[in-house]
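First the structure, in the form of structure tokens, and then the observations on it.
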Amino acid sequence: MYERMLNKQESPTIEEMAAYCGENAERFSLLNDWLHSTFGTERKVVFPYGNQYGWGIGHYKKKKLICTIFAENGAFTVMMRLTNAQCEAVYSGVTAVTQRLIDNKYPCNAGGWIHYRVTGPEHVKDIKKLLEVKTTPTN
């Protein structure tokens, strides 16, 4: 379950990735469209980190990576790097599931990588909160 698209020789279309997500295909498409329309991200089909990650859609703003959304069989995973300050800013406003992901992020400098698997509608609200804090400029 949740196998990724790992055949590096065949680049899938965005539509093929969405279809691969099965019951979460619409959520996959809506989240990608939301990122593009809300934050003006540029979308690229990518095979970024080696064979275990597979194909995904990278979202970039002025060449800066916002997140990568990996298509999975029946789901999808959003991978993003957040600073500790960004995590603290959203922590009290997200579910316990999301708090655990923040608590267990893969450390990187003053923050870390979060891998958020979306398997249903309850995850979309929190992933949007994380992406909003990621794309909000700091003053």
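Key figures
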quantity: Verdict on Ile127 being under 11 Å from the mean Cα position of the chain (by Cα) and either farther than 20 Å from Thr13 by Cα or in a strand (DSSP E or B) (or both); calculated: yes
quantity: Conditions (1) part of a helix (DSSP H, G or I); (2) surrounded by fewer than 17 Cβ atoms within 10 Å (Cβ to Cβ); (3) at pLDDT 95 or above; (4) not aromatic (Phe, Trp, Tyr): number failed by Glu122; calculated: (3)
quantity: Leading residue by the ranking (surrounded by the fewest Cβ atoms within 10 Å (Cβ to Cβ)) among those in segment 106-117 that are modelled with pLDDT of 95 or more and not aromatic (Phe, Trp, Tyr); calculated: His115
quantity: Considering residues of segment 37-57 that are in a helix (DSSP H, G or I) and either among the polar types (S, T, N, Q) or under 13 Å from the mean Cα position of the chain (by Cα) (or both) only, the residue surrounded by the most Cβ atoms within 10 Å (Cβ to Cβ); calculated: Thr38
quantity: Among (1) at pLDDT 95 or above; (2) among the basic types (Lys, Arg); (3) over 12 Å from the mean Cα position of the chain (by Cα), the one test that Lys62 misses; calculated: (1)
quantity: Contacts under 6 angstrom Cβ, first residue in segment 92-109 being more than 13 Å from Lys129 (Cα to Cα), partner of a type in the set (A, V, I, L, M) and at pLDDT 95 or above, 6 or more apart; calculated: Leu101/Ile114; Lys105/Ile114
quantity: Filtered residues of segment 82-103 (kept if under 24 Å from Phe28 (Cα atoms) and either in a loop (DSSP other than H, G, I, E, B) or aromatic (Phe, Trp, Tyr) (or both)); calculated: Tyr91, Gly93, Val94, Thr95
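The values are calculated or read from the model by the stated rules, or taken from the named source; none is laboratory data. Quick caveat, the model's predicted, so the values are computed rather than measured. Counting neighbours? That spans all protein chains shown, and the Cβs are built from the backbone with ideal geometry, glycine included.
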